[in-house]
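The values are calculated or read from the model by the stated rules, or taken from the named source; none is laboratory data. Because the structure is a prediction, the values reported are computed rather than measured. Note that each Cβ is placed from the backbone with ideal geometry, even for glycine, and that neighbours are counted across all protein chains shown.
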Amino acid sequence: MHMSLSTLYAIGLGTLTMAAAMTLWERRFHAGRSQALTFWAGGFASLVVGCALLILRDTLPRLVGFGFANLFIIGGYVLLLAGSLPFAGLRLPRFLVGFLLALAPVWLVIGPTLPDATWHALSGLLVALCCLALALVFAKFRPAAAVRTDRLVVTVFGLHGLVYLLRVPVIPLLAWQGREAALDLAALITMFEGVLFSMAAPMALLSLAREENRVELQHASETDFLTGLDNRRAFFAKAEAMVQAPAQLVLFDLDHFKSINDRHGHETGDEVLRIFARVAKERFGADDLVARVGGEEFAALLPGAGPDDAISALNAIAWRLRREARAGTRLTQDVTFSAGLASLPAGASLTAGLNMADRLLYQAKTKGRNRIEREAASSSFAPADTETSAA
């Protein structure tokens, strides 16, 4: 089946129109990326206008049919690039924006006077540079570990940029050789690839925004909003896998925390919680799990650590907490905590370990608070598979 260039332009026009509409609609659901999505929607809309002018180019003055058409198309790619830069913590430099704005009228004046092959080569070079720069942005972009769609964006825009980069020497060469049939074939191939790009580009960009949003929501659901530590849900989810190796399990409770809230206000109490969370997170290792599991109750799981290591860390935390709580709040009394420390052998039941640490924490409170109660590993820690089989 023969497909004309005009038909491909019409298909591209339709897919780009849908891309602009979908991106603008998606903007409502991504507050953190609304600017990027606005630029992307504007970029696709600009490509729509450019394609429409190219379809009508034979009925329009050359300045409009070719000049403005190329300007809108190149502007569309620039907007797509501008919307992508924030993902890498960048933005379009002002001098480059000024240069492009100054170049636009020059392009409109000089462009229509150039031979078609030269015009196509120059505009293709600008498109290639925009696409390859966008691919480079996402190649350097370091998203959350769970985000993988950035690779798709790199592939889509990288291939599109390479196609247009290949056009730069090929089109003038074919024109110089007078190979009209080859030029027509090159135009069809380029436009066919353009139609594929008009479908793949919005899918890749919107998938990236959605996946990033999903990862952020998942992270928020597993993070305590006040302290930035893992919350109770995340602690249990992660700890189940970590207890397959020997570990130390600690439950903390800040002493007399209610009186701090009652006497000094919840703002001071919140600051005490943040200070404790920061001190504990900094003192424990990168492989340790620290979470806020209740109002003033925290938990820590230290894989591979021994009881003495855990006690040394807890003493250091207690000392820093007293010092930094006085420096960071209006409190005149020391902020202390009680802790229960349970040693877990490999494969121990997390529930049994938490029960033991909770009993030890209760003992620390009844013995006057501001202390650590510990108990060595014992037979009461039944491996998880043994418990399951016994049940």
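A few notes on this one:
- Options Phe39, Phe99, Phe95: the member that is over 25 Å from Ala121 (Cβ atoms), among the aromatic types (Phe, Trp, Tyr) and loosely packed, with under 13 Cβ neighbours inside 10 Å: Phe95
- From the options Ala286, Ala220, residue that is surrounded by fewer than 19 Cβ atoms within 10 Å (Cβ to Cβ), in a loop (DSSP other than H, G, I, E, B), of a type outside the set (D, E, K, R) and at pLDDT below 90: Ala286
- Every listed requirement among (1) within 35 Å of the chain's Cα centre (by Cα); (2) within 16 Å of Val127 (Cβ to Cβ); (3) buried (at least 22 other Cβ atoms within 10 Å of the Cβ) is met by Thr23 save one, (2).
- Residue in segment 243-254 that is assigned to a helix (DSSP H, G or I) and either in the same structural domain as Arg359 (by TED's automatic domain parsing) or touching a His at 6+ places or on another chain (Cβ under 9 Å) (or both) present: no
- Candidates are the residues of segment 1-20 that are touching a Leu at 6+ places or on another chain (Cβ under 8 Å) and more than 19 Å from Ile74 (Cβ to Cβ); the one that is surrounded by the fewest Cβ atoms within 10 Å (Cβ to Cβ) is Met3.
- Matching residues, segment 324-334, being part of a helix (DSSP H, G or I) and under 21 Å from Arg292 (Cβ atoms): Glu324, Ala325, Gly328
- Members of segment 335-373 found to be among the charged types (D, E, K, R) and either assigned to a strand (DSSP E or B) or not assigned by TED's automatic domain parsing to the domain that holds Glu240 (or both), listed by number: Glu373
- Selected residue (criterion: farthest from Leu92 (Cα to Cα)) from residues of segment 46-67 that are surrounded by fewer than 21 Cβ atoms within 10 Å (Cβ to Cβ) and touching a Leu at 6+ places or on another chain (Cβ under 8 Å): Leu60
- Taking residues in segment 73-100 that are within 24 Å of Ala19 (Cβ to Cβ), and partners anywhere that are of a type in the set (Asp, Glu), the pairs with Cβ atoms closer than 9 Å and at least 6 places apart or on different chains are Phe87/Asp150; Phe87/Glu212.
- Only a single criterion out of (1) surrounded by fewer than 17 Cβ atoms within 10 Å (Cβ to Cβ); (2) modelled with pLDDT under 85 is not satisfied by Leu125, namely (2).
- Scanning segment 257-273 for residues being buried (at least 16 other Cβ atoms within 10 Å of the Cβ) and either aromatic (Phe, Trp, Tyr) or in contact (Cβ under 8 Å) with a residue 12 or more places away in the chain (or both) gives a total of 8.
- Here Gly89 meets the list (1) surrounded by 17 or more Cβ atoms within 10 Å (Cβ to Cβ); (2) small (Gly, Ala, Ser); (3) within 24 Å of the chain's Cα centre (by Cα) almost entirely, failing just condition (1).
- Test result for Thr329, under 18 Å from Gly368 (Cβ atoms) and among the hydroxyl-bearing types (Ser, Thr, Tyr): no
- The single condition among (1) touching a His at 6+ places or on another chain (Cβ under 9 Å); (2) within 18 Å of Ile73 (Cα to Cα); (3) at pLDDT below 90 that Trp119 does not satisfy is (1).
- With respect to the conditions (1) under 25 Å from Glu26 (Cβ atoms); (2) buried (at least 20 other Cβ atoms within 10 Å of the Cβ); (3) hydroxyl-bearing (Ser, Thr, Tyr), Thr227 falls short on a single one, namely (1).
- Selected residue (only one of Val78, Val97, Val49 is in the same structural domain as Gln177 (by TED's automatic domain parsing), modelled with pLDDT under 85 and not basic (Lys, Arg)): Val97
- In segment 230-248, the residues that are buried (at least 20 other Cβ atoms within 10 Å of the Cβ) and modelled with pLDDT under 90: Val243
- Here Val109, Val170, Val154 are screened, and the one residue that is of a type in the set (Val, Ile, Thr) and exposed (fewer than 12 other Cβ atoms within 10 Å of the Cβ) is Val109.
- Note on segment 292-323: residues that are closer than 23 Å to Glu267 by Cβ and assigned to a strand (DSSP E or B) amount to 3.
- Flag for Ala348 being touching a residue at least 40 places away in the same chain (Cβ under 8 Å) and not aromatic (Phe, Trp, Tyr): yes
- Test: residue in segment 157-172 that is within 24 Å of Leu16 (Cα to Cα), touching a Cys at 6+ places or on another chain (Cβ under 9 Å) and of a type in the set (Ser, Thr, Tyr): yes
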